[in-house]
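What follows is a set of notes on a single structure, which appears directly below.
The values are calculated or read from the model by the stated rules, or taken from the named source; none is laboratory data. Predicted, not measured: the structure shown is a model, and the values here were computed from it. Here Cβ is always computed from backbone atoms with ideal geometry, including for glycine, and neighbour counts include all displayed protein chains. Each accessible area value is taken on the protein alone, full model and side chains, heavy atoms only, with ligands, DNA and RNA left out. Shrake-Rupley method; radii C 1.70, N 1.55, O 1.52, S 1.80 Å.
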Amino acid sequence: MPAHLSSPDLPGYLEDCLQRHCGAQHAGEVKRLMRPAAELMRVDSLKCFKASRLSFADVLIRKMTREEWRIELVSSVCEDDAAAKFVYHISAGGHEFTYIARAYPWDGIEKVGRRSDGANRDLFGALFVGVADQERIAREFATFDTKSEGLAMRTDADVMGWTPANRSSRHFDTLVDWLARGEQPPAEQANGYLMRNGGFQSSGRNGSVSFLGIPEDHPLAHPFFADLFAVYLVRLVSIDLANAVARQRNPAAAQLDPAIARQLGIGNSSGQGMCVALQRWPHWVATWVVVRETAIAFAKHQKVTDAGRAKMHETIAHTIGIYRRTDPQSEDYVASNEVIIADLKRVDAAIDDPALERWNDLADALAERIDPESREQLNSMLLDLVPEFCDAVAPYLKIGAARRRSLKPEMTVRSLRDILRRNYGWALRSDRTLAASHQHFWYHSADNGEQRRGERIVDQHEHFESFIDHIGLIHRLAAVLASHDDDVLAGDVVLAHPELHFAISRVQYLDGLAYAEIWGGLADRDFRPADLIRFFLASLGIRGSTPLSIRYVRGTFFQDQPLPADFSPDRSKAASSQADMERILS
């Protein structure tokens with residue numbers, strides 16, 4: 001929101017949620033606890049965000065649990081060379097659909113997992129919109145077996161997307177060795193993941209259905225739900241494949257203990273193309289941030305109780321456990337796990353201070369004593385104190401994402417200038433005469449199908465530039481508007497300058513959103529793509545992400561999350577104990 005406002009104007013849906021949960025008077029108090037855009041939307045702040053119960057993966061898991069989704073392995077075949085085929089039937093929210101997975105013979109080669117690998121993967125899966133019959137399943141398996149790029153490897157619009165993945169030779173083979181000997185692996189051997197996500201090839205890629213083509217009432221017709229559910233299914237395949245390979249070696253092999261299996265997630269490495277997506281759809285960013293910040297402010301406004309203290313102690317212990325199990329390959333550009341663990345212990349000790357009246361008192365008391373990343377981890381943990389409110393605001397993640405950019409040609413230049421003064425003063429104050437402010441450009445590589453970053457003048461391909469320079473866009477728009485009278489219409493400006501259609505429609509449709517733009521230059525010499533990749537991954541639900549470099553960030557999805565048996569009506573029996581189940585679903 002504009003820096004001069006003391007509290008944001010919330011979207012109607014969130015305002016209604018706030019009023020219902022705390023009344024008009026307290027709603028105003030909650031909104032005054034929300035941080036201004038000038039603080040929150042800077043890259044140095046966004047990079048510190050941590051996954052929470054309002055991350056997409058967490059919202060999806062709660063939906064699966066609440067609706068008692070059933071995921072059944074109905075067919076599996078595994079060969080001596082570890083090649084395998086799996087077919088799953090899913091019942092969810094009144095819908096039924098199919099997922100299949102094809103594991104290829106293990107060649108012993110660890111694969112990077114980038115898009116440039118094409119069809120050279122250890123596994124391909126297909127998530128269908130509905131139930132696929134045997135003939136359709138056989139045809140999709142045959143497509144996977146071509147392992148060929150281009151038209152030879154295409155699907156139909158009855159498929160939501162493909163799930164390429166690669167084995168972790170270190171983790172997978174070691175775990176299978178234990179099982180084949182008839183033993184369960186020790187906890188340290190079962191830590192992390194067995195396979196790495198290779199992306200979700202969907203939304204028209206390879207012939208798959210577009211997102212808008214998914215029926216509105218389908219349980220996966222929600223931003224990122226299909227992507228994340230597909231990743232969850234790869235997690236199941238990795239466990240089922242490990243069990244199957246162990247059985248193939250030894251019919252008396254042990255099967256992985258569910259308590260150990262729950263600790264396993266899916267590895268993930270994401271690149272700088274995520275930054276381009278954030279700039280292309282800024283209303284996504286606005287939606288994610290306003291939902292999270294509203295819930296954090298609501299949690300901070302709550303009174304400290306003994307039950308709340310107990311819940312926070314439990315959450316802190318669980319979070320520390322995640323950091324201890326995370327094995328960062330690099331801790332450049334981030335607070336180390338040791339620093340965050342030490343800070344969380346400080347938080348744990350401070351919780352029992354009898355002087356605390358509201359949770360905001362705790363946050364204020366620790367603000368200068370712990371690292372900014374630890375502060376955001378505290379904010380994410382506070383959301384566990386208000387699960388009902390989080391569930392109430394979560395639907396806005398879909399509502400806000402449906403916003404569409406369109407030009408309002410009837411708007412006057414005077415009104416456009418007002419929008420720039422109100423929302424973009426920070427951008428207009430940046431010095432564009434400095435070459436360092438727009439030193440880099442981004443482009444889509446035809447060779448590797450990925451976003452790359454080049455240096456102006458030095459590197460070629462500027463004519464293929466992807467849009468990321470929103471500050472330059474605002475400067476250009478302001479300069480052109482300065483040459484027009486106040487009463488000139490936006491439509492007439494676009495007729496004279498067609499290249500400004502995007503700029504004008506962008507500032508128009510984002511006006512009124514509290515956290516609409518990233519306050520920083522992505523083209524700047526000193527910008528690190530990894531910072532915004534971490535923000536994106538936290539919003540999706542990855543915990544413990546760490547940069548591999550300034551361009552790539554790794555992490556794990558769905559670690560310590562329920563298995564399909566935990567979603568069934570008798571899920572308390574499926575968990576190793578009732579206490580485990582309550583922790584899993586918290």
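Describe numerically, in nm with one decimal, the distance between label points set 7 Å from Cα along Cα→Cβ at GLU368 and at VAL458.
4.1
If you average the C-alpha positions of the stretch 276-338 and of the stretch 159-203 separately, how far apart do those two centres end up, in angstrom?
Here the two parts' Cα centres lie 26 Å apart.
So which of LYS31/LYS303; LYS85/LYS147; LYS111/LYS147; LYS303/LYS398; LYS50/LYS311 end up more than 21 Å apart by C-alpha?
With Cα atoms farther than 21 Å apart: LYS303/LYS398.
Can you pull the three principal axis extents for the Cα set of the stretch 110-236, in Å, largest first?
45, 32, 29
Have a look at the stretch 308-412 and give its Rg and Dmax from the Cα atoms, expressed in angstrom.
Both quantities, over Cα of the stretch 308-412: 18.6, 58 Å.
Which value in Å is the Kirkwood Rh of the stretch 32-119 over different Cα pairs? Write down the numbers at each step before the final one.
Values: mean 1/r = 0.0562 Å⁻¹.
Computed over the stretch 32-119, the radius equals 17.8 Å.
Dividing the alpha-carbon radius of gyration of the stretch 119-171 by 2.2 N^0.38 Å (N being the number of residues), what value is obtained?
1.21
Over the chain, average the accessible area per residue using a 1.4 Å probe and give it in Å², no decimals.
That works out to 41 Å² per residue.
Using only the alpha carbons of the chain, what is the convex hull's orientation-averaged projected area in square nanometres?
One quarter of the hull surface, i.e. the mean projection, equals 27.9 nm².
Treating only the Cβ of Lys, Arg, Asp and Glu as charged (+1, +1, -1, -1), what charge dipole size does the stretch 221-327 show about its Cα centre? Round to the nearest 20 debye.
Numbers: 12 positive and 7 negative charges, 31 e Å.
Charge dipole of the stretch 221-327: 140 debye, to the nearest 20.
Taking a probe of 1.4 angstrom, what is the accessible area of GLU96 in Å², to the nearest 10?
100
With just the Cα atoms of the stretch 180-311, tell me how far they stretch along each of the three principal axes, in Å, largest first.
Principal extents (largest minus smallest coordinate, Cα): 54, 53, 33 Å.
Roughly how many debye, to the nearest 20, is the charge dipole of the chain about its Cα centre, given +1 on each Lys and Arg Cβ, -1 on each Asp and Glu Cβ, and no other charges?
300
Enumerate by residue number the trypsin sites (Lys or Arg not before Pro) in the stretch 128-185 meeting two conditions: DSSP loop (anything except H, G, I, E, B), and at most 15 other Cβ atoms within 10 Å of the site's Cβ. Please report the intermediate quantities before stating the final value.
Working: sites: ARG136, ARG139, LYS147, ARG154, ARG167, ARG170, ARG181; in loops: LYS147, ARG154, ARG181.
Sites meeting the loop and neighbour criteria: LYS147, ARG154, ARG181.
Measure of size requested: the Rg and Dmax of the stretch 285-342, with Cα atoms as the atom set and Å as the unit; please supply both.
Over the stretch 285-342's Cα set, Rg and Dmax evaluate to 15.1, 40 Å.
Counting pairs of Cα atoms in the stretch 198-270, how many percent are more than 21 Å apart?
The answer is 45 percent, as a whole percent.
Please list the three semi-axes, largest first and in whole Å, of the ellipsoid equivalent to the stretch 414-570, using sqrt of 5 times the eigenvalues of its alpha carbon gyration tensor. Display every interim value, and only then the final one.
Numbers: eigenvalues 265, 103, 43 Å².
Result for the stretch 414-570: semi-axes of 36, 23, 15 Å.
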